[in-house]
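Enquirer: Let me give you the structure first, and then I'll get to my questions.
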Amino acid sequence: MAVTDAPKLITARFDQEDAHTLAGYESSGGYTALRKALGSAPDAVLAEVKAANIQGRGGAGFPAGTKWGFLPPDVSPRYLVVNGDESEPGTYKDRLLLERDPHQLIEGVLIASYAIAANQAFIYIRGEMPFAHERVAAALNEAYAAGYIGRDIMGSGWSLDVVLHWGAGAYIVGEETALIESLEGNRGMPRLKPPFFPAVKGLYMQPTIVNNVETLSNVPWIVNNGGAAFAALGTDESAGTRIFALSGHVRRPGVYEVEMGKTTFRDLIEAPVYGGGIRNGRGLKAFIPGGASAPWFYEEHLDLPLSKATVDKAGSMLGSGAVVVMDETTCPVRAALRVVRFFAHESCGKCTPCREGTNWLEKIMHRIEEGTGRADDLDLLLDVSDNLSPGIAWPPRQTTICPLGPSAVSPVASSIRRFRDDYVAHIDQGRCTHD
Amino acid sequence: MGRLNAGNVALAHEIIGRYPRTKSALIPLLHLAQEQDGWVSDEAMVHIAELLDLTPSEVLGTCSFYEMFKREPVGRYLVNVCTSIACMLGGGDELLEHCEKSLGLTPGATTADGLFTLNEVECIAACTEAPCLQVNYRYFHRITNEEVDALFADLRAGGRSGEIPPHGTLTRVRQQVDPQRWDGRGGEGLPEERS
Ligand SMILES: Cc1cc2nc3c(=O)[nH]c(=O)nc-3n(C[C@H](O)[C@H](O)[C@H](O)COP(=O)(O)O)c2cc1C
Ligand code: SF4
Ligand code: FES
């Protein structure tokens, strides 16, 4: 087992009672990275983040430094938008970063904005998280008063305003172009890409960088310790550490920051310092490796490392860092239905395949679970799935404006492929065989 | 009731001033209306439209997209029980069932005294803390049936007001804008001028 002794980069202050206050944050090294960054050129800061090779932590895993480099030069204003909409089932990390260490994020926002020459940043927080909102608001107020945000920061001549914005209940707003629509005061529906790549045409049609809370929370550490030090953690392909929310049937569900690439799913689920194994000494049925959108994994995937490339190659994704464990007693039909219900509920309705398809998937799955499924329902499920995600391939071939629609196919296709007998038994016996 | 009161109008102008374009203040202003009345009335939406120079239907268009905005009165306490996948595995269904019994409600309904509305909701980002629920979006992690009953009893008796403000009040800490520190350059050079 490889429980590595990598340092905690972003959860180090989680046990520090007063970390959310400016005094508490500064007493443990806070805002030294900002000072350091402002003492060098924006390009030098960008170079460090590129050297760190940090992949975005919001789901897609795109390298942050590369993304920042996409901004067209000399177009202003340009914006930084922080994605704090965390709402994919299984995902629980950004809320903790906001509540426990808000200044760490704010320092990351300041440094990132400096590197990309933005003068205004927006922190978009999911509406259902008022405590996170309160913590960030208080931290912003302190940072403004201390002169770390606002006009002529630390005498550098560079200015930044940070606006705290809050959502109002819609998962789809987590998709970056929908987030921008929402920030503009509109219904939170994704925009077509191309042409609306945020780096080119984002907020108010200006160049915009959207980054996840966890991604930006890493930036102060990277600046303090150097991009090379970050890249030295993990593997060449998946650098640094990452927060995983481990939930479901483990002895110790929890939020763990682990070194990428070297730690395996087995380590995370079984090591005494992490999950401690499956509850009640039971066996594993399946686990979701990266949030509700991810195809399921099984026993044979346990020894895969937590690395983007490896997990992608094995047919799923690390996504939002959410590992959901199901023990052998779990009804796969009920579990898949629960995930499908989420997507049907959250479809924004802009594209027909997603609006209609996710609802059909839910309806059919529901009748199978209830015991009124029909003999040809499995074929029907796969047919609807194929309409949403042609070929039911991984990565999905999209028929829709955003990846939400095809994501709904993951739990259906996964569970039918692996547990077809359970589906057939539900239909034949006219009841849930796990009740 | 209805239109924003004078204090909230002042706050609304402050919020509007923070954004390069006024329409961006729409969701924050809807929250403000909901905080004032506990829900968002047609009168409030008309008033917000006036403040933002939008049509009332544009305001409704945005408002109706977002689940947190209630366009009719709801209970003073919104009890949201998560039954998404991680919570389902961790006892969320049983927790919901207990709440139904304890409140005598099916999901979506409100008690006759207007105190509680019960909802079955999707993931609230507390997945490792199942079973869990929110009351007016304040979290209760790994909550037991006994704790649920005690919580509801406290709320019925008018307790816990410090911890759980009435429905509509989201944040009790607002971002303060000190004009001395506020740079306000973000909107500079935008094709569409601030109205
Ligand atoms: C349906 C959908 C929901 C998403 N939800 C979130 C979310 O809640 N938080 C997040 O950071 N990214 C979310 N994303 C990913 C964003 O579109 C975007 O890739 C990310 O915020 C970029 O930040 P990063 O590069 O730092 O990861 C979602 C994407 C999709 C398609
Ligand atoms: S795929 Fe679904 S959620 Fe995404 S834009 Fe289309 S309808 Fe909306
Ligand atoms: S699944 Fe219930 S909080 Fe995430």
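Enquirer: Would you pull out the residues with amide H under 5 Å of B:Phe116's amide H, same chain only if 5 or more places away, H placed 1.01 Å from N?
Expert: HN-HN under 5 Å from B:Phe116: B:Arg76, B:Tyr77, B:Thr111.
Enquirer: While we're on this one: Run through the range B:26-88 and list the trypsin sites (Lys or Arg not before Pro) located in a DSSP loop whose Cβ has at most 12 other Cβ atoms within 10 Å.
Expert: For trypsin sites (Lys or Arg not before Pro) across the range B:26-88 that sit outside H, G, I, E and B with at most 12 neighbouring Cβ atoms in 10 Å, the list is empty.
Enquirer: Antiparallel as a % of all DSSP beta bridges within chain A, to the nearest 5?
Expert: 45
Enquirer: Over the Cα atoms, compute the radius of gyration (one decimal) and Dmax (the largest Cα-Cα distance, rounded to a whole number) for the range A:241-327, in Å.
Expert: Answer for the range A:241-327, Rg first and Dmax second: 11.3, 33 Å.
Enquirer: May I ask you to give the average projected area over all directions of the convex hull of the Cα atoms of the range B:10-67, in nm² rounded to one decimal?
Expert: With the hull built on Cα positions only, its mean projection is 3.7 nm².
Enquirer: Please give every one of the aspartates and glutamates within straight-line cross-link reach of A:Lys313, meaning a C-alpha to C-alpha distance under 15 Å, and leave out same-chain neighbours fewer than 8 residues apart.
Expert: Straight-distance partners of A:Lys313: A:Glu237, A:Glu300, A:Asp303.
Enquirer: I'd like the orientation of helix A:102-115 relative to chain A: the angle between its Cα long axis and the longest Cα principal axis, in ° from 0 to 90, rounded to 10.
Expert: Value to nearest ten degrees: 70.
Enquirer: If amide H atoms are built 1.01 Å from N in the plane of the peptide, which residues on other chains or at least 5 residues away come under 5 Å of the amide H of A:Val163?
Expert: Answer set, sorted by chain and number: A:Ala121, A:Phe122, A:Ile123.
Enquirer: Can I ask one more? Any idea what the dipole of the range A:181-329 comes to, in debye rounded to 20, about its Cα centre with Lys/Arg Cβ at +1 and Asp/Glu Cβ at -1?
Expert: 360
Enquirer: What's the angle, to the nearest 10 degrees (0 to 90), between helix B:145-156's Cα axis and the longest principal axis of chain B?
Expert: Its long axis makes an angle of about 50 degrees.
Enquirer: While we're here: For A:Lys201, list the lysines whose Cα falls under 27 Å from its own Cα; do not include residues on the same chain fewer than 8 positions away.
Expert: Cross-link targets: A:Lys50, A:Lys67, A:Lys193, A:Lys350, B:Lys23.
Enquirer: Right, another one. Can you give the helix-only mean residue ellipticity at 222 nm for chain A, where every DSSP H stretch with n ≥ 4 adds -39500 (n - 2.57) and the sum goes over all residues, rounded to the nearest 500 deg cm²/dmol?
Expert: Calculated at 222 nm, the ellipticity per residue is -12000 deg cm²/dmol.
Enquirer: Mind listing the phi-derived Karplus ³J(HN,Hα) values for the range A:87-92, rounded to whole Hz, using 6.51, -1.76 and 1.60 with θ = phi - 60°, and x for any glycine or proline?
Expert: So the Karplus estimates, Gly and Pro as x, are 7, 7, x, x, 8, 8 Hz.
Enquirer: Here is a further query. Using the Kirkwood radius over Cα pairs, work out the Stokes-Einstein diffusion coefficient for the range A:332-429 at 4 °C and 1.567 mPa s, in µm²/s as a whole number.
Expert: For the chosen part, D equals 100 µm²/s.
Enquirer: What value, in deg cm²/dmol to 500, does the helix sum -39500 (n - 2.57) over DSSP H runs of n ≥ 4 give at 222 nm once divided by the residues of chain B?
Expert: After summing the helix terms and dividing by residue count, I get -10500 deg cm²/dmol.
Enquirer: What are the extents of the Cα atoms of chain A along their three principal axes, in Å, largest first?
Expert: So the three principal-axis extents are 74, 46, 36 Å.
Enquirer: A further question follows. Please list log₁₀ I(q)/I(0) at q = 0.13, 0.14, 0.15 Å⁻¹ for chain B, using the Debye equation with identical point scatterers on the alpha-carbon positions.
Expert: The Cα Debye sum returns log10 ratios of -0.79, -0.88, -0.96.
Enquirer: Say we join alpha carbon atoms closer than 10 Å with springs in a Gaussian network model of chain A; which of A:Val163, A:Val409, A:Val258 then has the biggest fluctuation?
Expert: Between A:Val163, A:Val409, A:Val258, it is A:Val163 that shows the largest mean-square fluctuation.
Enquirer: Let me know the shape class of the range A:22-231, please: from the alpha-carbon gyration tensor, a ≥ b ≥ c as square roots of the eigenvalues, rounded when a/c is under 1.5, otherwise prolate if a/b is greater than b/c, or oblate.
Expert: rounded
Enquirer: Where the only charges are on Cβ atoms (+1 Lys, Arg; -1 Asp, Glu), what is the dipole of the range A:22-231 about its Cα centre, to the nearest 20 debye?
Expert: In total the dipole reaches around 340 debye.
Enquirer: Quick one: of the DSSP bridges fully inside chain B, what percent are antiparallel, nearest 5?
Expert: Just about 55 percent of them are antiparallel.
Enquirer: Then there's this: Just to be sure I understand: with springs between alpha-carbon atoms less than 10 Å apart, which residue in B:Arg18, B:Arg172, B:Arg138 has the highest mean-square fluctuation in the Gaussian network model of chain B?
Expert: Largest GNM mean-square fluctuation: B:Arg172.
FYI, it's all coordinate maths here, none of it is from the lab. Note that this is a predicted model, so its numbers are computed, not measured. All Cβ positions, glycine included, derive from the backbone under ideal geometry; neighbour counts span all protein chains shown.
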